[in-house]
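K.L.:
Sharing a structure here in C-alpha cells format.
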Amino acid sequence: MLYGMIDVGSNTIRMAIYAIDGDRVEMTMKKKHTVGLASHVRDGLMQRSGIEKVVEILSEYRDFLKDLGITRITAFTTAALRNAANSQQAVEEIEYRTGIKIHVMTGDEEATFDFIGATHNLVDEDGLLIDIGGGSTEIVYFRARQIKIKVSLPIGSLAFHTRYTGVHIFPSESECEEMRAEADATVSAIKEFQSVSHAQICGIGGTFKGAMALYNAMYGMPRHNMRMEVRRINDILRRFQRENELIEPDKILLMRTVPERMHTFMPGLIIADVLAKRFKSMHIIFSDSGVREGYIYDKIIDKNYFD
C-alpha cells in the first residue's frame with residue numbers, strides 16, 4: 001500500500017511516499033523544497049509570501065500524487081505555522097486553495113512522533129531524543145523505551161539565523177555568543193530536565209543530518225558514520241565564523257555537505273552544543289527516522305488503518 005506524507009516544516013516542505021506492507025515501512029521516494037517558512041513570519045504573523053509558497057508547493061505535490069493514483073495522504077505542519085498568531089486563518093486558506101487537509105501538530109505530538117520514529121530500531125533503552133527544527137526544538141527523555149519527559153522549546157536554527165545573522169550566511173563570533181546565551185537561558189528554564197545528566201543523545205532531523213555529513217567530511221569519517229563527538233562541535237563553529245576568511249577547500253566542503261543548510265547549520269549546532277553540555281553528553285548519535293515515520297507507526301500501522 002502506498003501512502004503519501006507531506007511535512008510543512010519551518011525550513012523545508014517535504015513529501016515522502018512510503019510502501020507499507022503489514023508492519024514493514026519503506027520510503028520509496030521523497031521530494032523537498034527549501035522554503036525557509038519561518039523567515040516569512042513578521043511580528044508573529046505568517047506573511048502573504050509564506051502562504052503563497054505553501055500553496056504553490058502543496059499544489060505541485062497534490063498533482064503529483066493524483067497522477068500516481070495515491071489517495072491515502074496525510075499532511076501536517078509544525079512550528080512555523082503552529083506558532084503564527086494567524087495560524088488558523090493561514091491554514092484554512094491553504095486547505096481551501098489546495099484541497100489538502102492539514103493537521104497542525106502540537107509540540108507535544110511532534111515530540112511523541114519523533115520519539116516513536118527514531119527509537120523504532122534504536123538499540124539504546126535510555127537516552128535523550130532531540131530534533132532541532134527551523135522554528136522549534138523538541139526534546140524527549142526516555143527510559144526503558146518509555147517517554148518520561150517531553151518538551152518543545154521555542155528555539156530553532158532558522159529562527160536564530162533570521163534573528164541574529166540577518167543578511168549574512170555565517171554568524172560572527174558575537175552573534176554566536178548571543179545565540180548561545182538565548183539557547184542556554186531557554187534550556188535552563190526547563191525545570192523537568194534538571195535531574196537528567198550523562199544521557200546518550202539521539203539527534204534527528206535536518207540539522208543533525210547536515211551536521212553529520214559535514215562532520216564526517218571534516219574528520220575523514222566514512223559517510224555512513226552516525227556518531228559525532230561533542231568536543232569537536234566548537235571547532236566546527238569557530239572554523240566557519242564570519243571573521244574567518246573561508247579557504248577554497250572549505251567552500252567546496254560546505255557546498256558538498258550542507259548546500260541547502262549553509263545558513264542554518266551553525267545556529268543549529270549552537271543549540272546542539274548547549275544541549276549536549278547541559279546534559280553532559282559525550283556523543284550524539286544520528287537517526288534518519290523521525291516525525292513522519294513515527295506518525296506512520298503510531299497512527300497507521302498500530303491503529304490498523306488499512307483494515
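K.L.:
Can you tell me which of (1) in contact with a helix residue (DSSP H, G or I) (Cβ under 9 Å, 6 or more places away or on another chain); (2) of a type outside the set (Gly, Ala, Ser); (3) closer than 13 Å to MET5 by Cα; (4) free of Cβ contacts under 8 Å to residues at least 24 places away in the same chain is the one LEU58 doesn't meet?
P.N.:
Single failed check for LEU58: (4).
K.L.:
Hey, could you check segment 285-307 for residues that are part of a helix (DSSP H, G or I) and aliphatic (A, V, I, L, M) and say which is modelled with the lowest pLDDT?
P.N.:
Going through the qualifying residues, I end up with ILE301.
K.L.:
Then there is this: Just need a number here: residues in segment 190-202 that are aliphatic (A, V, I, L, M), part of a loop (DSSP other than H, G, I, E, B) and either farther than 20 Å from ALA79 by Cβ or touching a residue at least 60 places away in the same chain (Cβ under 8 Å) (or both).
P.N.:
2
K.L.:
Identify the single condition in (1) within 24 Å of THR112 (Cα to Cα); (2) among the β-branched types (Val, Ile, Thr); (3) surrounded by fewer than 18 Cβ atoms within 10 Å (Cβ to Cβ) that VAL274 does not satisfy, given that it satisfies every other one.
P.N.:
(3)
K.L.:
Turning to a different aspect of this structure: Kindly indicate which of GLN200, GLN194 is at pLDDT below 95, surrounded by fewer than 17 Cβ atoms within 10 Å (Cβ to Cβ) and within 26 Å of ARG143 (Cβ to Cβ).
P.N.:
GLN194
K.L.:
Could you pull out the residue among SER10, SER39, SER59 that is of a type outside the set (Val, Ile, Thr) and modelled with pLDDT of 95 or more?
P.N.:
Going through SER10, SER39, SER59 in turn, the sole match is SER59.
K.L.:
Restricting attention to segment 102-128, and to residues there that are aliphatic (A, V, I, L, M), under 16 Å from TYR295 (Cα atoms) and touching a strand residue (DSSP E or B) at 6+ places or on another chain (Cβ under 8 Å), which single residue is most open to solvent (accessible area, probe 1.4 Å)?
P.N.:
Among them, the one singled out is VAL104.
K.L.:
If you scan segment 129-146, which residues turn out to be among the hydrophobic types (A, V, I, L, M, F, W, C) and either part of a helix (DSSP H, G or I) or open to solvent by 30 Å² or more (accessible area, probe 1.4 Å) (or both)?
P.N.:
Passing the criteria: only ALA144.
K.L.:
Quick check: is even one residue across segment 116-126 within 20 Å of the chain's Cα centre (by Cα) and within 26 Å of SER39 (Cβ to Cβ)?
P.N.:
No, that holds for no residue.
K.L.:
In segment 167-179, is there at least one residue being closer than 26 Å to ARG238 by Cβ and touching a strand residue (DSSP E or B) at 6+ places or on another chain (Cβ under 6 Å)?
P.N.:
no
K.L.:
Please tell me if VAL187 is assigned to a helix (DSSP H, G or I) and touching a Leu at 6+ places or on another chain (Cβ under 9 Å).
P.N.:
Criteria met by VAL187.
K.L.:
Please go through segment 251-261 and pick out each residue that is modelled with pLDDT of 95 or more and farther than 20 Å from ASN225 by Cα.
P.N.:
Across segment 251-261, the qualifying residues are LYS251, ILE252.
K.L.:
Can I ask one more? Of the residues that sit in segment 222-239 and are in contact with a Phe, Trp or Tyr (Cβ under 9 Å, 6 or more places away or on another chain) and open to solvent by 70 Å² or more (accessible area, probe 1.4 Å), which one is nearest to ASP273 (Cα to Cα)?
P.N.:
By that ranking, first place goes to ARG227.
K.L.:
Would you point out the residue of segment 147-166, among those that are assigned to a loop (DSSP other than H, G, I, E, B) and modelled with pLDDT of 90 or more, that is nearest to the chain's Cα centre (by Cα)?
P.N.:
GLY156
K.L.:
Only one residue in MET262, MET255 is surrounded by fewer than 20 Cβ atoms within 10 Å (Cβ to Cβ) and over 17 Å from GLU175 (Cβ atoms). Which one?
P.N.:
MET255
The values are calculated or read from the model by the stated rules, or taken from the named source; none is laboratory data. As the structure is a prediction and not an experimental result, all values here were calculated from the model. When we count neighbours, we look across all protein chains shown, and the Cβ atoms used for this are built from the backbone with ideal geometry, even at glycine. Areas reflect the complete protein model, heavy atoms only, side chains present, ligands, DNA and RNA absent. Shrake-Rupley method; radii C 1.70, N 1.55, O 1.52, S 1.80 Å.
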